[in-house]
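Visitor: Here it is: the structure, laid out below.
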Amino acid sequence: MPLHIHQFPCRSDNYGFLAHDPDTGQTASIDTPDGNAINAGLAEKGWQLTHILNTHHHVDHTEANLQLKEQWMCTIVGAANDAERIPGIDIQVTDGEEFPFGAMKAKVLEVPGHTSGHIAFYFATEGIAFVGDTLFALGCGRLFEGSPSMMWESLQKLMTLPDETVVYCGHEYTQANAKFALTIEPANERLKARSDEINALRANNLPTVPTTIGLERATNPFVRPTSKNIQATIGLQEADALTVFSETRRLKDNF
């Protein structure tokens with residue numbers, strides 16, 4: 001049976017995700033932004049928490065690690081190269097490693113930039129990726145610990161996943177990201193249509209997450225530095241992809 005995903009809002013703009021394998025009963029929380037919200041989600045679904053899969057160390061992604069570990073005796077999985085900053089970590093994973101979860105496997109992708117030890121979890125058989133704060137719907141994470149080249153390499157890695165891959169990111173930032181994206185690539189008709197869809201969803205307090213790799217490839221300016229429209233808009237015609245990406249990130253930081 002396919003992986004079951006339960007998504008719910010946490011904090012001011014985070015999302016919580018529970019991933020449940022119906023064949024084995026194992027359930028993972030992807031990060032732990034809010035222990036009470038996670039417990040409420042578990043109770044709603046009647047699931048027992050067995051794992052926490054941490055994408056990175058930021059407090060809005062790890063705050064409830066120890067609370068939930070004490071309560072559920074669950075196993076915490078995180079990046080080996082950031083183990084000292086993942087509270088309660090039990091299993092340390094590295095790039096390309098396949099972590100067994102229930103009857104499935106989650107491939108670990110190291111995607112630094114937002115933090116130096118950021119990882120994503122890709123369930124290839126399910127066509128699902130949990131990307132934390134590296135890739136957002138129409139955006140990417142701020143470069144708190146990494147360089148533009150580091151983040152660009154990470155985004156390129158995610159863009160090698162199949163177009164139909166369903167992407168779960170950590171925050172509801174999409175409406176603000178769309179406003180910026182339209183200033184960078186105003187001639188992108190697919191982006192204009194998507195912005196209208198996003199505004200309609202948010203007007204009804206509905207989530208814009210998850211997204212897909214294909215949709216991001218077509219509309220997200222941070223993965224489109226070869227777009228002639230973007231290059232012309234920011235005055236970097238014929239520049240290399242990293243230069244265009246770096247300027248796009250700088251402009252967003254000051255938007």
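Visitor: In deg cm²/dmol, rounded to 500, what helix-only [θ] at 222 nm does the chain give when every DSSP H run of at least 4 residues adds -39500 (n - 2.57) and the total is split over its residues? Please list the in-between numbers first.
Guide: Details: 9 runs with 87 residues, N = 255.
Rounded to the nearest 500, the figure is -10000 deg cm²/dmol.
Visitor: What ranking of Ser154, Ser116, Ser147 emerges when the number of other C-beta atoms within 10 Å of each C-beta is taken as an exposure proxy, fewest first?
Guide: Numbers: Ser154 25, Ser116 17, Ser147 13.
Going from least to most buried by this count: Ser147, Ser116, Ser154.
Visitor: Let me check I have the definition right: for segment 174-253, take the eigenvalues of the Cα gyration tensor, multiply each by 5, take square roots. What are those semi-axes in whole Å, largest first? Walk me through the numbers on the way to the answer.
Guide: Values: eigenvalues 113, 26, 25 Å².
Equivalent ellipsoid semi-axes, largest first: 24, 11, 11 Å.
Visitor: Report the Cα centroid-to-centroid distance between segment 181-199 and segment 12-58 in angstrom, as an integer.
Guide: Using only Cα atoms to place each centre, the spacing works out to 32 Å.
Visitor: Using alpha-carbon pairs under 8 Å, 6+ residues apart, how would you state the relative contact order of segment 1-139 in percent? Mind showing how you got there, number by number?
Guide: Values: 308 pairs, mean separation 23.0, N = 139.
Relative contact order, segment 1-139: 17 percent.
Visitor: Just want the ordering: Met1, Met104, Met151, from fewest to most Cβ atoms lying within 10 Å of their own Cβ.
Guide: Working: Met1 9, Met104 20, Met151 26.
Exposure proxy ranking, most exposed first: Met1, Met104, Met151.
Visitor: Calculate one ³J(HN,Hα) per residue across segment 7-22 by plugging θ = phi - 60° into the Karplus curve 6.51 cos²θ - 1.76 cosθ + 1.60, and present them in order as whole Hz with x for glycine and proline.
Guide: Whole-Hz 3J(HN,Hα) from phi for segment 7-22: 10, 7, x, 9, 6, 8, 8, 7, 10, x, 10, 10, 10, 10, 8, x.
Visitor: Write down the percent of antiparallel bridges among all DSSP beta bridges whose residues are both part of the chain, to the nearest 5. Working shown, then result.
Guide: On the way: 27 of 40 bridges.
That works out to approximately 70 percent antiparallel.
Visitor: Right, here's the next one. Under a cut-off of 18 Å between alpha-carbon atoms, report the lysines in cross-link reach of Lys179, not counting same-chain residues fewer than 8 places apart.
Guide: Result set, ordered by chain and number: Lys192, Lys252.
Visitor: Would you mind checking which residues have amide H under 5 Å from Cys10's amide H? H placed 1.01 Å from N; only 5 or more apart, or other chain.
Guide: Excluding prolines and chain starts, which carry no amide H, the hits are Tyr15, Gly16.
Visitor: How far apart, in nanometres, would the label points at Phe144 and Phe8 be if each is projected 7 angstrom from Cα along the Cα-to-Cβ direction?
Guide: Going by the 7 Å Cα→Cβ label model, 2.4 nm.
Visitor: Where does helix 189-203 land angle-wise versus the long Cα axis of the chain, in degrees 0 to 90, nearest 10?
Guide: In the chain, helix 189-203 runs at an angle near 50 degrees to the longest axis.
Visitor: So if each residue of separation counts as 0.36 nm, and I subtract the Cα-Cα distance between Leu201 and Phe255, what length gain in nm does that give?
Guide: 17.2 nm
Visitor: List the aspartates and glutamates whose Cα lies under 13 Å from the Cα of Lys105, skipping any in the same chain that are fewer than 8 positions away.
Guide: The qualifying aspartates and glutamates are Asp21, Glu97, Glu126.
Visitor: Above 24 Å lies some portion of the pair distances; for the chain, what is it as a whole percent of all C-alpha pairs? Intermediate values should be presented prior to the final figure.
Guide: Numbers: 14587 of 32385 pairs.
When all Cα pairs of the chain are counted, 45 percent exceed 24 Å.
Read the figures in this text as sums done on the coordinates, not as results from a lab. Here the structure is a predicted model, which means the values were calculated and not measured. All Cβ positions, glycine included, derive from the backbone under ideal geometry; neighbour counts span all protein chains shown.
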